[in-house]
Amino acid sequence: MEKKLLLGAEAVAQGAIDAGISGVYAYPGTPSTEITEYIQRATEGNQASVHSRWATNEKTAFEAALGVSYSGRRSLVCMKHVGLNVAADAFMNAAITGVLGGLVLVVADDPSMHSSQNEQDSRYYGRFAMIPILEPSNQQEAYEMVSYGFEFSEILRLPVMLRITTRLSHSRAVVTPAEPRAQNKLNPERDRNKWILLPANARKNYHLLLTKQDALRQISEQSPYNRMISGSGERAVIAFGIAVNYAMEVITSHNLEIPLLRISQYPLPEKMVKQFTAQYSEILIAEEGYPLQEELLRGFSGDNRFRGRLDGTLPRTGELSPALLEKALLEFMGCANDTRHDTKQPAVIYQPVTYPLVVPRPPMLCKGCSHRDLFEAINRVMNDYPEKHVFGDIGCYTLGALPPYSTISSCVDMGASITMAKGAADAGLRPALCVIGDSTFTHSGITGLLDAVNDRSPLTVIISDNGTTAMTGGQDSAGTGRFFDICKGVGVDEAHIRSIVPLRKNMEENITIIREELEYEGVSVIIAQRECIHIRKTKNR
Ligand code: SF4
């Protein structure tokens with residue numbers, strides 16, 4: 001097969017297409033967005049039978065993928081780490097129902113929070129749900145592991161998690177694809193009881209999940225992705241996922257003889273780990289994310305042979321890098337100043353200059369962005385109130401927290417603007433105002449609005465409708481053109497669903513409308529509608 005130069009995210013996507021998926025479901029979120037975009041580009045061209053459309057949120061995406069699996073076909077579901085919090089309910093229960101057609105969940109974690117509100121480690125979720133986890137160390141493995149994951153998923157009848165991180169997702173390497181495989185035939189689940197999680201069935205299924213754990217560990221012991229690389233001395237390294245790549249780079253660059261155990265499949269192969277660790281007096285644990293495996297290996301009694309993020313040998317937070325591992329490993333081996341090893345030679349494999357992690361974007365709204373005129377109008381109204389609280393949400397408009405506007409006072413998670421404003425209104429805050437994007441509103445803002453309507457909480461919601469999911473690159477937005485009807489359907493009085501066009505020429509009229517609705521002692525919605533300038537440019541091309 002012809003070699004391809006692919007981002008890690010694209011390698012996952014190509015792997016899924018070649019593994020015969022029938023559907024991909026996702027909500028856009030950096031660093032996972034490119035997986036679905038790649039499949040969409042491919043399906044538009046030559047894989048038209050792969051269903052692909054952006055979902056309203058990660059939970060609905062996961063549930064749709066589960067539906068494809070129920071029909072006997074293979075499905076891929078993609079999200080960023082915080083998206084798994086949203087999908088957690090469906091995700092945890094899918095481990096109990098099991099699957100029929102292979103289901104691979106790709107979660108892209110973002111250590112160092114390049115474009116996220118936290119740096120949680122999704123391997124905890126995989127462990128929590130007791131499902132297999134695969135963690136590729138490079139783009140070729142990312143490609144291959146997708147197919148391996150689907151096979152594994154169908155044999156074990158469990159969802160499989162593929163965990164990648166920003167660095168792998170957004171860096172390119174040459175990938176050699178395999179022969180593509182045809183899609184599964186439609187063959188819906190016959191054993192319906194399995195999928196009806198009434199307590200009697202759920203207990204049986206949970207027991208079945210527990211009985212599969214030994215098999216999962218056995219498979220990990222034999223996995224081609226878990227193996228020892230020999231060396232000599234009293235000290236050793238255990239590296240996980242992409243940290244394998246970093247460790248190999250440091251070992252090769254400095255001609256180190258240190259033994260390495262590489263792990264890319266979980267649950268941990270216990271025998272292999274015990275056999276390896278018994279031989280050494282000290283072991284450096286290199287893993288991307290939280291010190292999950294280090295903590296497990298140290299145990300409650302504190303086996304101090306294990307070094308890593310917990311004892312400060314590696315930094316506790318942020319992204320791991322070859323340079324960080326190089327420093328830690330050379331110090332750990334006591335040869336930081338040893339001239340036998342070429343310690344001056346940096347072992348850097350990912351050059352930020354060559355492979356920028358994200359397209360550098362100044363932390364400000366684009367010139368001509370509709371949010372600018374909206375924030376100016378809000379500021380002019382809110383200046384009349386002694387304290388200016390505007391609850392914000394996740395999207396480009398979060399940048400309204402920064403000067404020159406400094407409009408937004410909070411941003412916690414998707415959809416939290418409405419529910420936080422509701423809580424503050426219930427507590428007596430006046431006016432209670434929030435700003436939410438169109439896509440975020442459909443993601444998880446609607447339910448908060450329904451709460452406010454049910455409680456008659458006095459608040460004003462501004463839906464900034466720019467017709468797209470702008471922050472992640474312009475994916476479809478689920479409610480475009482229908483926000484009036486949606487809000488009316490949720491129960492907002494139609495006299496208090498107002499529309500404005502945030503343009504400089506409309507400034508005085510917009511200020512009047514915002515002021516009127518802030519004074520209303522009930523739920524009001526203002527739909528501020530103006531397209532993101534980039535979407536408009538694309539349409540006009
Ligand atoms: S991408 Fe669009 S919505 Fe986001 S700041 Fe730029 S113009 Fe505004």
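The values are calculated or read from the model by the stated rules, or taken from the named source; none is laboratory data. What you see is a predicted model, and the numbers here were worked out from it, not measured in a lab. For neighbour counting, all protein chains shown are included, and Cβ atoms are generated from backbone atoms with ideal geometry for every residue, glycine included. Protein only, heavy atoms only, side chains kept; ligands, DNA and RNA dropped before computing areas. Shrake-Rupley method; radii C 1.70, N 1.55, O 1.52, S 1.80 Å.
Annotations for the structure displayed:
- In the assembled protein chains, residue 321 presents an accessible area of approximately 30 Å² (probe radius 1.4 Å).
- Annotation: extensible slack from residue 311 through residue 197 equals 36.7 nm (criterion: 0.36 nm per residue apart, minus Cα-Cα distance).
- Based on protein heavy atoms only, the chain ends up with 43 Å² per residue of surface accessible to a 1.4 Å probe.
- Estimated inter-spin distance, residue 296 and residue 385, nm [label 7 Å along Cα→Cβ]: 4.9 nm
- Along the axis of the charge dipole computed for the chain (Cβ charges of +1 for Lys and Arg, -1 for Asp and Glu, origin at the Cα centre), the listed residues 13, 313, 414 are led at the positive end by 13.
- Sparse-neighbourhood loop sites, trypsin sites (Lys or Arg not before Pro) in the range 165-236 - DSSP loop, at most 11 other Cβ within 10 angstrom: 185, 190
- Per-residue accessible area (protein heavy atoms, 1.4 Å probe) orders 513, 155 as 155, 513, starting from the largest.
- Selection from 94, 68, 499, by position along the positive dipole direction of the chain (Cβ): 68
- Largest-first principal axis extents of the Cα set of the range 72-180 (Å): 36, 36, 18
- Protection proxy ranking for 423-429, 462-468, using the average of other Cβ atoms within 10 Å per residue and placing the highest first: 462-468, 423-429.
- Spherically averaged projected area of the range 411-541 from its Cα convex hull (nm²): 8.0 nm²
- Estimated FRET transfer efficiency (residue 186, residue 3; beta-carbon r; R0 41 Å; 0.05): 0.75
- Most to least accessible of 161, 333 (protein chains only, probe 1.4 Å): 333, 161
- Rolling a 1.4 angstrom probe over the chain with all protein chains present gives an accessible area of which 53% lies on carbon and sulfur atoms.
- As a size descriptor, the averaged projected area of the C-alpha convex hull of the range 122-229 was calculated at 9.2 nm².
- In the chain, inverting the average of 1/r over every pair of distinct C-alpha atoms gives 25.1 Å as the Kirkwood radius.
- The largest accessible area among 115, 457 belongs to the first residue in 115, 457, and the rest follow in falling order (1.4 Å probe, all chains).
- Sequence ranges 266-272, 246-252, 383-389, ranked by mean other-Cβ count within 10 angstrom, highest first: 246-252, 266-272, 383-389
- Ignoring lysines fewer than eight residues from residue 367 along the same chain, the ones with Cα atoms less than 23 angstrom from its Cα are 505, 537, 539.
- Beta bridge orientation in the chain: antiparallel %, DSSP, nearest 5: 15 percent
- Only protein heavy atoms count here; on that basis, with a 1.4 Å probe, residue 396 has an accessible area of about 30 Å².
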